[in-house]
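Here is the structure we will look at.
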Amino acid sequence: MKFSVEGREQTRASAACPLCNDTGWKPVTNGPDRRVVRCDCQTRSRTESLLAAARIPKRYEHCELAEFDTRFEGVHPSLERALLEARNFVAEYPVEKSGLLLIGPIGVGKTHLAVGIMKELILEKGIAALFCDYRELLKNIQNSYNDSVKTTELDVLRPVFETEVLVLDELGAVKPTEWVWDTVSLILNTRYNDKRTTIITTNFANLKPINSMTTDERKLAAVEIAARDETLGDRIGERMRSRLQEMCRTTKLTGPDFRQKVRRASFP
């Protein structure tokens with residue numbers, strides 16, 4: 001089958017952006033003044049690239065702040081406050097670049113909120129962001145030590161270090177070891193020193209390691225300790241827990257497990 005050069009040229013021409021003819025710049029006339037500005041097609045292309053690079057898992061691709069409002073409406077006052085803080089975070093960024101530490105039990109919408117924030121930063125402000133599951137990240141780093149795997153620890157960590165906004169989901173979900181603590185320290189300290197924004201979700205109470213608490217501190221934290229068994233300090237070390245207080249604003253979410261609610265509704 002033969003194809004003419006003329007036919008290919010016509011196809012390419014018909015696919016060209018009608019505003020900028022694929023130059024990336026469109027003319028704008030304001031009275032006697034005429035100038036060029038970035039074309040909308042370039043903005044769409046960059047946004048699509050940023051969304052793809054964000055590595056949002058398919059399970060959370062639908063998550064948006066607007067949907068959080070309808071899904072969790074009236075469930076608990078803390079969720080309404082958390083949503084307000086999330087919206088303020090987006091509005092203030094990048095003037096205010098402090099991160100967020102989202103704390104709460106399973107199923108209250110921490111990951112939904114974190115993904116909703118990063119999507120709005122991408123779509124509204126063109127900010128580069130990256131989603132990382134804490135457990136998967138540590139596993140990928142460990143796999144890089146295998147000689148048969150054609151990747152290095154730096155290959156895995158470079159995007160984590162360099163992305164403008166990082167969502168680190170389920171911090172503390174891996175049983176702590178010296179290697180885990182060292183790796184968490186490397187990630188958090190590097191981003192802290194480079195003044196990059198980190199959004200973190202965790203199921204563990206933002207408290208010191210239980211063994212290092214005074215008697216009075218244990219009494220004050222008795223309810224949270226009983227609910228979690230271990231604290232965030234136990235899982236990542238007190239030094240890194242303290243570092244998070246400098247890096248992030250803390251938001252607590254409380255309420256019933258939404259996923260259990262959905263299951264019950266699905267199987268009456």
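Readers should treat all values here as calculations from the given coordinates under stated rules, not as data from a laboratory. Model, not experiment: these values are computed from the prediction. Neighbour counts are summed over all protein chains in view; Cβ atoms, including those assigned to glycine, are modelled from backbone coordinates with ideal geometry.
Below is a table of values for the structure above.
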{"quantity": "Hits in region 126-151 - residues which are in a loop (DSSP other than H, G, I, E, B) and either in contact with a Lys or Arg (Cβ under 8 Å, 6 or more places away or on another chain) or of a type outside the set (Ser, Thr, Tyr) (or both)", "calculated": "GLY126, ILE127, ALA128, ASN146, ASP147, VAL149, LYS150"}
{"quantity": "Candidates GLU120, GLU124, GLU170, GLU164 - the one that is of a type in the set (D, E, K, R), touching a helix residue (DSSP H, G or I) at 6+ places or on another chain (Cβ under 6 Å), in contact (Cβ under 8 Å) with a residue 24 or more places away in the chain and over 20 Å from ILE103 (Cα atoms)", "calculated": "GLU120"}
{"quantity": "Some residue of region 127-141 being in contact with a strand residue (DSSP E or B) (Cβ under 9 Å, 6 or more places away or on another chain), at positive phi and surrounded by 14 or more Cβ atoms within 10 Å (Cβ to Cβ)", "calculated": "no"}
